[in-house]
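Down below is the structure, laid out as structure tokens.
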Amino acid sequence: MAMCLVAAALLVFVAVRYWPGPSTETRSDPTSKLVDHVTLPFYATGNQPLEEDPAEDGWETEALSQQVSQQWKRMGKLLASANKLQDDELRLLAVPGFSSPLLTPSLSQVCYQDQQTEVRRAETTDFGNEASSDLRTTIVALSEVVGDDLRFTAKVVAIEQDGRRAVTRQWIELSGRNASTVVEQHAIWEADWHLDANKPPRLAAIRPLSWSQTLCQQTSPWLVDCTQAVLGATACYQTQFQIGMNTWLDVSQDTRDDQLLGTPGLAIADVNGDGLDDLYVCQEWGLPNRLFLQQVDGTARDVSTAWGVDWLDASRSCLILDLDNDGDQDLVVAMSDYVVFAANRADRFEIQLVLEVNDPMSLTAADYDSDGDLDLHLCSFRRSETSPGNRQHSASGAPQTMYFNSVDGGRNLLLRNDISLSDKWLFTEASSEAGLEDANNRHSYAAAWEDVDNDGDQDLYVANDFGPNNLYLNQWTESGKPVFVDVASSWSAEDQASGMSATWGDINRDGAMDLYVGNMFSSAGQRVTSQQHFKPDHPKVKAHIRRFARGNTLFVNRFSDNRFQDVSQDAGVTMGRWSWSSVFGDLNNDGWLDLLVANGYITGVDSNDL
């Protein structure tokens, strides 16, 4: 049984200490001795959620949007109990005379099909002209198509109000199961609402604008969570991994706001040479990093202490790779003030080098200078103002920061591998000499190497938050040294948004590597930025901020014309929610690359935030 693991790389924070005491296999629950712990000021677990009325700030449409969202939740409940619909429930949702075509079209086009899966799409013209007479017919028809275990979500992305009438546009997700068939529908609906004072808005009509449906003939999902099967026998699975981030936030001494993100990285590779992939997991401040060796039966054994890598500093990113070209896999971990390099000694890792760095966020490796060894690029999110170990980082999104074009971020680093030139491990900071100082002051989350222009060397794409991204082409001088030139603007690859990840893949199989960038989708952002009274005197600023709410970006590489083409909306890949990480992969083995996007954020009791 192979270990089933999907990695989503990200952030978190640190310095270098070691976990004292006995082996990890015998450690007790670290929370068992916590009788009275102090709750951090920013994490008021006992407080009631803030009740704020957006209408008080002049945003009547946002207040209305909250009411509309509640009505869509009511719609979801009615869909789940369509065989028991009551007239009074329907009257709370729709006015008499409600009309809509049947929301599953009779005509649609098959755009993908294999032995297990069929995907159909339809446009507005495929829904026909015959309207249903009431909401009951619409609900029953939808529920019959989707079946059991029904789930319904509506995200309102646009809203207009005119007196007692409002029009909304929403992205619809509907899924369920019929026998052994999994059904999933995605649609865009335009809805008319009738408004009455002191009453919730009620539906007058629904007009479908687009529709797609996936039918999957299987009794289990494509991806199965096997975490417990693999790690369940280890002591730390119950005492640390299953306790939850909220508990550790309450007792952590790391009070920086970034600690709330709780998203350390991980790496997978065969560290002991037995042909099985092993797993290294970074953790938050005060919790030891973990190294798990995969066993023949697919389970994993915790060897963190024995291998000397159970470091307590909050670790944001890690890589397992052969840095000294001796044939085994070494370890590098990015921490809040340091990068730690450890050599593989067959049954343990041995620290060779600790580099002081500025607020590292993520690591990526490639042989950029074509000398036969792997070099590292390190992304930095914040600018540090004081010495290591006592950092005071500038706050992202602060009033002095330009939201869509911030230049007060940290300095990224290119670390050239010069181990072969020294008796000891040596990495030389080469950012300046390699030309990577151009626009090297952004809030960088992640970077990805690839030969973008097919000239045989590695180029670099950097995803930045609060501003445009960088595309550095690797060019060689007459003296034979690589120098990078930022061509993101001239190649139409800046993607000025909330860049948090980047992944390369040849999606159209034309021999040129294409690019997918993870950003943030915000239905609230789309609603607000579409309003006339949002930045009416600053159309360019309005357009920039509206772009931040659109979501992810898919670029097709037209390197013969020295440009990228944004095909995101035509390909239907913008809506990835809050997308931290993404990766191309052929999930169904049909020879075409698919996309897997890791998303989400902390869910609190107060849902009024945008």
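The values are calculated or read from the model by the stated rules, or taken from the named source; none is laboratory data. Bear in mind the structure is a predicted one, so any value in this text is a computation, not a measurement. Here the Cβ positions follow ideal geometry from the backbone for every residue, glycine too, while neighbour counts run over all protein chains shown. The accessibility values were calculated without ligands, DNA or RNA, using every heavy atom of the protein model including side chains. Shrake-Rupley method; radii C 1.70, N 1.55, O 1.52, S 1.80 Å.
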Worksheet entry | Residue-span extension gain [GLN475 to ALA306] - 0.36 nm each, minus C-alpha spacing | 56.4 nm
Discussion item. Which log10 I(q)/I(0) values does segment 139-286 give at q = 0.11, 0.12, 0.21 Å⁻¹ under the Debye formula, counting every alpha carbon as one identical point scatterer?
Written reply: -0.81, -0.88, -1.19
Practice prompt. Would you mind giving the three semi-axes, in whole Å and largest first, of the ellipsoid equivalent to segment 457-610 according to its Cα gyration tensor?
Written response: 30, 21, 14
Worksheet item: What are the lysines whose alpha-carbon lies under 27 Å from the alpha-carbon of LYS481, with same-chain residues fewer than 8 places away excluded?
Response: LYS424
Discussion item. I'd like the accessible area for THR137: 1.4 Å probe, protein heavy atoms, all chains in place, Å² to the nearest 10.
Written reply: 60
Discussion item. Can you give me the % of accessible surface on segment 272-324 that is carbon or sulfur? Probe 1.4 Å, all protein chains present, nothing else counted.
Written reply: 53
Worksheet item: Quick one: net charge of PHE152's neighbours, Cβ under 12 Å, K/R +1, D/E -1?
Response: +2
Worksheet, complete the sentence: P(r) of segment 482-551 over all Cα-Cα pairs, 10 Å bins starting at 0, rounded to whole percent, reads 17, 36, 30, 14, 3
Fill in: Heavy atoms of SER581: accessible area, 1.4 Å probe, square angstrom to 10
20
Worksheet item: What is the Cα coordinate range of segment 235-359 on the first, second and third principal axes, sorted by size from largest, in whole angstrom?
Response: 41, 37, 19
Item to complete: Starting from the residue with the highest accessible area, list TRP476, TRP285 in decreasing order, probe 1.4 Å.
Response: TRP476, TRP285
Fill in: Kirkwood hydrodynamic radius (C-alpha pairs) into Stokes-Einstein, segment 545-606, 37 °C and 0.692 mPa s, D in µm²/s
238
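What is the projected area of the convex hull of the Cα atoms of segment 79-122, averaged over all directions, in nm²?
Projected over every direction and averaged, the Cα hull of segment 79-122 covers 5.0 nm².
Could you work out Rg/(2.2 N^0.38 Å) for segment 297-337, with Rg from alpha carbons only?
My calculation over the Cα atoms of segment 297-337 gives 1.38.
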Item to complete: Run the numbers on segment 474-518 and let me know its relative contact order in percent, using alpha-carbon pairs under 8 Å that are six or more apart.
Response: 25
Item to complete: Starting from the Cα of LYS73, draw a straight line to each of the aspartates and glutamates and keep only those under 14 Å, dropping any in the same chain fewer than 8 residues away.
Response: GLU89, GLU173
Fill in: Most to least packed among 454-462, 530-538 [average Cβ atoms within 10 Å]
454-462, 530-538
Discussion item. Calculate log10 I(q)/I(0) of segment 140-219 for q = 0.17, 0.27 Å⁻¹, where I(q) comes from the Debye formula with a single equal point scatterer on each Cα and nothing for solvent.
Written reply: -0.73, -1.22
Worksheet entry | Portion, in percent, of the accessible area of segment 168-247 that falls on carbon or sulfur, probe 1.4 Å | 52
Item to complete: For ASN454 and ASN325, calculate 0.36 nm times their separation in residues minus their Cα-Cα distance, and state this gained length in nm to one decimal.
Response: 43.9 nm
Discussion item. At 1.4 Å probe size, put LYS540, LYS155 in order of accessible surface, largest to smallest.
Written reply: LYS540, LYS155
